[in-house]
Amino acid sequence: MRNNVELGIGREARRSYSLNEIAIVPSRRTRSSKDVDTSWNIDAYSFDIPFMSHPSDALASPEFVMEMHRQGGLGVINAEGMWGRHADLDAVIAEVLNAAVDEYGGYDFNNAKAVAVLQKLHSAPINEDLLTERIAEVRASGATVAVRVSPQHARELAPLVIKAGTELLVIQGTLISAEHVAADGEPLNLKEFIGSLDVPVIAGGVTDYTTALHLMRTGAAGIIIGGGTSTTDLALGIDAPMATAIADAAAARRDYLDETGGRYVHLIADGEIETSGDVAKAIACGADAVMLGAPLAQAREAAAPGYYWPAVAGHPRFPRGVVEPAPGRVYEEADQRPSLEAVLHGPSADAFGALNLVGGLRRAMAKCGYTDLKKFQKVQLAIRGV
């Protein structure tokens with residue numbers, strides 16, 4: 001039964017919950033964390049940990065994507081970011097970071113200068129040869145190649161990146177629907193488009209039951225829940241508390257499973273996830289994996305170590321993200337930053353869940369008595385006092 005609240009005469013809203021409003025409740029035997037299996041697979045691809053990186057230029061240098069693979073996760077490349085626009089990635093990243101600093105050498109909270117630089121850098125045309133070369137470099141390393149395209153440019157970019165070696169195509173916008181309607185061009189029907197591709201597709205983000213079900217019916221192998229870290233709430237007034245959004249999508253998955261006689265679609269949570277506790281709660285609500293942005297920007301292997309911005313921050317007309325310091329400790333020198341291995345697997349001296357994210361997830365599962373991710377989705381949850 002849905003919990004609707006009256007806003008005023010004749011206007012109601014559904015009560016929804018963020019991840020920080022719920023808690024996991026252990027209610028059965030405990031186990032050793034050594035007995036916990038955090039492996040995850042989507043289509044024919046298997047991963048040791050249920051972590052994807054957000055397709056942000058702040059993270060995805062070729063080296064970061066390869067290291068993400070070595071640590072058991074999946075790094076995602078943004079085909080519409082700087083990878084295919086600028087030959088010297090280090091130089092353009094430095095230009096962005098320099099613009100994020102104020103005249104006194106501190107972080108510029110106004111951020112307009114840094115966003116303007118991002119917009120300028122994203123206005124450069126995509127160099128297809130450069131993008132192809134960099135995707136091929138990652139493919140040659142043995143890492144699974146996942147590349148993000150926007151719904152607006154999927155039709156023209158998907159064939160290019162697939163030919164270059166993409167194994168998982170991510171069609172991702174802040175919000176997405178099964179059919180992207182464009183007044184100045186042919187609508188993108190995702191069911192027809194996905195059916196024409198030879199690689200599995202992950203699509204999103206979505207925030208409600210109906211859209212999640214529609215995307216599952218397109219044939220997508222995975223659905224992204226949420227819009228990541230952005231200013232969409234402030235800029236557009238659009239937001240969806242993640243605990244409810246994930247649970248709704250999980251309900252859509254159950255119905256789709258019955259509808260198709262057993263086709264399972266994976267859910268990837270992208271939003272409100274900053275600590276290992278948030279990871280555990282997202283999976284407890286029904287997610288199979290999580291997509292991380294700012295928490296991974298702590299790592300020294302990140303393209304812009306210590307800073308993060310979402311892919312939508314460089315939108316040419318209406319940016320919905322800022323260049324900001326990554327969460328965690330302040331480090332004076334780049335080489336003092338934790339490695340990606342420490343961020344994901346530890347060891348950690350941080351008591352607040354910012355490091356050893358996988359270790360935190362494993363311990364949450366073990367303390368609740370579950371040995372794998374699917375079983376952990378059945379753990380008891382409680383709503384904090386409101």
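The values are calculated or read from the model by the stated rules, or taken from the named source; none is laboratory data. This one's a predicted model, so the numbers in the text were calculated from it and none came from an experiment. Methodologically, a virtual Cβ is constructed for each residue, glycine included, from the backbone with ideal geometry; neighbour enumeration extends over all protein chains shown. Calculation scope for accessible area: heavy atoms of the full protein, side chains included, ligands and nucleic acids excluded. Shrake-Rupley method; radii C 1.70, N 1.55, O 1.52, S 1.80 Å.
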- Which value, in debye to the nearest 20, describes the size of the charge dipole of the chain about its Cα centre when Lys and Arg Cβ atoms bear +1, Asp and Glu Cβ atoms bear -1, and nothing else is charged? 1580 debye
- Query: How large, in percent, is the carbon and sulfur part of the accessible surface of the range 4-383 at a probe radius of 1.4 Å?
  - Reply: 48 percent
- Could you give the nm distance between label points at ASN41 and ARG11, where each point is 7 Å from its Cα heading toward the beta carbon? 5.0 nm
- Equivalent ellipsoid semi-axes - Cα gyration tensor, the range 337-377, angstrom: 22, 10, 6
- Query: Relative to the compact globular guide of 2.2 N^0.38 Å, what is the alpha carbon radius of gyration of the range 277-365, as a ratio?
  - Reply: 1.18
- Report P(r) for the range 17-61: all Cα-Cα distances, bin width 10 Å, range 0 to the bin holding the largest distance, values in whole percent. 17, 26, 41, 15, 1
- Estimated 222 nm signal from helices in the chain, with DSSP H stretches of n ≥ 4 weighted -39500 (n - 2.57), rounded to 500: -9000 deg cm²/dmol
- Query: Tell me, what is the FRET efficiency for PHE318 and ARG29 to the nearest 0.05, using R0 = 45 angstrom and their Cβ-Cβ distance as r?
  - Reply: 0.30
- Query: Over the chain, what is the mean sequence separation of C-alpha contacts under 8 Å (at least six apart), divided by residue count, expressed as relative contact order in percent?
  - Reply: 23 percent
- Task: Over the residues of the range 1-97, compute the C-alpha Rg and express it relative to 2.2 N^0.38 Å.
- Result: 1.71
- Choose one of VAL115, HIS214, ASN98: the residue whose Cα lies farthest towards the positive end of the charge dipole of the range 4-383 (beta-carbon charges +1 Lys, Arg; -1 Asp, Glu; about the Cα centre). HIS214
- Message: At 0.36 nm per residue, and after removing the present C-alpha to C-alpha distance, how many nm does the segment from ASN127 to GLU186 gain when stretched out fully?
- Response: 18.8 nm
- Message: Give the aspartates and glutamates whose C-alpha is closer than 13 Å to that of LYS281, dropping any in the same chain fewer than 8 places away, or say none.
- Response: GLU21, ASP270, GLU272
- Just how many % of Cα pairs in the range 149-305 lie over 24 Å apart, if you round to the nearest whole percent? 36 percent
- Heavy-atom accessible area per residue - the range 4-383, 1.4 Å, Å²: 44 Å²
- For the chain, build the convex hull from the C-alpha positions and give me its volume per residue in Å³. 163 Å³
- Task: Name all residues of the range 213-244 having a backbone nitrogen under 16 Å from the label point set 7 Å from the Cα of ARG384 along its Cα→Cβ direction, giving them as ranges.
- Result: 241-244
- Task: Within 10 Å, count the other beta carbons around each residue, average over each peptide in 113-121, 295-303, 10-18, and list them highest first.
- Result: 295-303, 113-121, 10-18
- Note on the structure: Note, the range 321-326: 3J(HN,Hα) by Karplus (6.51, -1.76, 1.60, θ = phi - 60°), whole Hz, Gly/Pro = x, goes x, 10, 8, 9, x, 5
- Spin-label proximity, ALA91 to the range 300-318 - amide N less than 11 Å from point 7 Å beyond Cα toward beta carbon: none
- Message: So if each residue of separation counts as 0.36 nm, and I subtract the Cα-Cα distance between ALA116 and ARG263, what length gain in nm does that give?
- Response: 48.5 nm
- Message: Eigenvalues of the Cα gyration tensor times 5, then square-rooted: what semi-axes does that give for the range 44-96, in whole angstrom, largest first?
- Response: 23, 10, 9
